[in-house]
Each structure stands twice: as structure tokens, then as C-alpha cells.
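As C-alpha cells, the structure follows; a few thoughts come after it.
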Amino acid sequence: MKFALHLALGLSLAAAHPAFAAATPPAASSAVPSAAHIKAVQDLLGAMQAENVLRGVAARSRYTSGAQRQAVFAKLDKTPAAEVYQRLAPPLARSISADTAAEMTRFYQTPYGKKVIHSKYNSGPQLSMPGMTAAVAPEEKKERKRAAYVQASKELAAAEPMIEHEAFKLLQTINKEKR
């Protein structure tokens with residue numbers, strides 16, 4: 001009885017203290033995203049080549065046989081990239097703000113952003129030695145220091161697990177569909 005009383009008192013104090021109170025979700029996650037917001041996320045997914053995220057999830061998934069793996073990839077081959085963006089955008093719009101989507105779409109459409117995306121999905125083994133840094137053009141260094149880019153890239157990095165999760169759910173749905 002004494003333990004239960006101490007536990008109840010401790011929990012009530014913890015809940016009352018702001019440091020222990022549950023964090024409230026951001027306004028963007030609780031509100032229903034607008035059509036413009038969803039379109040901005042679709043554009044971002046296109047710039048990010050999100051169909052490759054879906055392929056990466058499929059490649060990391062476990063299958064009972066090689067034939068099942070081939071069947072899943074055959075279905076992915078038949079699924080247009082635009083459909084992937086359209087189906088992923090609504091759930092991801094709750095995690096990615098319209099401003100972040102617009103800023104990161106702009107970034108991924110720059111020559112350096114295209115290079116980042118290309119290296120993300122097409123890079124092979126690379127030689128790296130201690131102290132070695134990649135050469136970055138001065139205009140790209142300036143671009144990476146922009147406040148809007150810094151904030152957007154942090155938000156997008158925080159949304160990465162959600163992107164992977166939604167891609168997995170979409171992969172399961174596509175796998176169940178008859179194509």
C-alpha cells in the first residue's frame with residue numbers, strides 16, 4: 001500500500017513538472033494537410049527519387065524464396081514513380097512541413113543536390129582515408145549554411161524513419177495488389 005502511494009505521488013509530481021510532461025506534437029502533425037502541402041511533399045519525393053527508397057526497403061526485406069523476391073521487384077518495376085509519390089505523400093505530409101518540402105525540393109534540384117541524390121542511390125565503394133574531406137565548391141558551402149536549408153535538412157533527417165516506415169507499408173500494399 002505504501003509503495004502504491006509513493007508511486008502515485010511520484011507520477012503526479014512528474015506529470016506536473018514541465019520537464020517531465022509529455023511533449024505535445026507539432027501543429028503540422030495534428031492538422032489535416034492541405035492539397036498544396038501534399039503536392040509539395042509529392043514534389044519533394046520526386047526530387048528525392050523516393051521510388052529508390054521503396055526499392056531499398058524491398059532489398060532489405062526478408063523473403064521465403066528467391067521467386068518471392070523477384071515477384072516483389074517485378075511489381076515495383078510495374079509501379080510508376082508518380083504513383084509512389086502520390087501514395088506516400090499524404091501520410092508523410094503529417095511529418096514533413098510544406099516549408100521543408102519546398103526548401104529541400106529546391107535543394108535537390110540544384111546540381112549539388114542532384115549529385116547528393118545520385119551518390120545516395122548509386123554510389124559504390126569509395127576510398128576514404130583519415131583526414132580526407134570531399135571537395136565542395138564555395139557556392140555549395142554557402143548554400144549549406146543558409147538557415148532555411150539547415151532547418152529543413154534537420155526536419156527531413158528527423159522524418160527519415162517515418163519515410164522508411166511508410167515506404168515499408170506501401171511495399172506491403174503493392175505486394176498484395178494484383179498487377
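FYI, it's all coordinate maths here, none of it is from the lab. As the structure is a prediction and not an experimental result, all values here were calculated from the model. Cβ: placed from backbone, ideal geometry, glycine included. Neighbour counts: every protein chain shown.
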### Full-stretch length increase - Gln68, Asn175 - with 0.36 nm per residue and alpha-carbon distance subtracted
37.5 nm
### Query
Taking the Cα-to-Cβ direction at Met162 and at Arg60 and moving 7 Å from each Cα, how far apart do the two end points lie in nm?
1.8 nm
### Query
So, in Å, what gap is there between the alpha-carbon centers of the range 29-64 and the range 138-178?
8 Å
### Message
Suppose the chain between Met132 and Ala35 were pulled fully straight at 0.36 nm per residue; how much longer would it get relative to their current alpha carbon spacing?
### Response
30.4 nm
## Note on the structure
Simple SL model, points at 7 angstrom along Cα→Cβ for Ser119 and Lys145; separation in nm is 2.0 nm
### Query
When N counts the residues of the range 37-179, how does its alpha-carbon radius of gyration compare numerically with 2.2 N^0.38 Å, as a ratio?
1.16
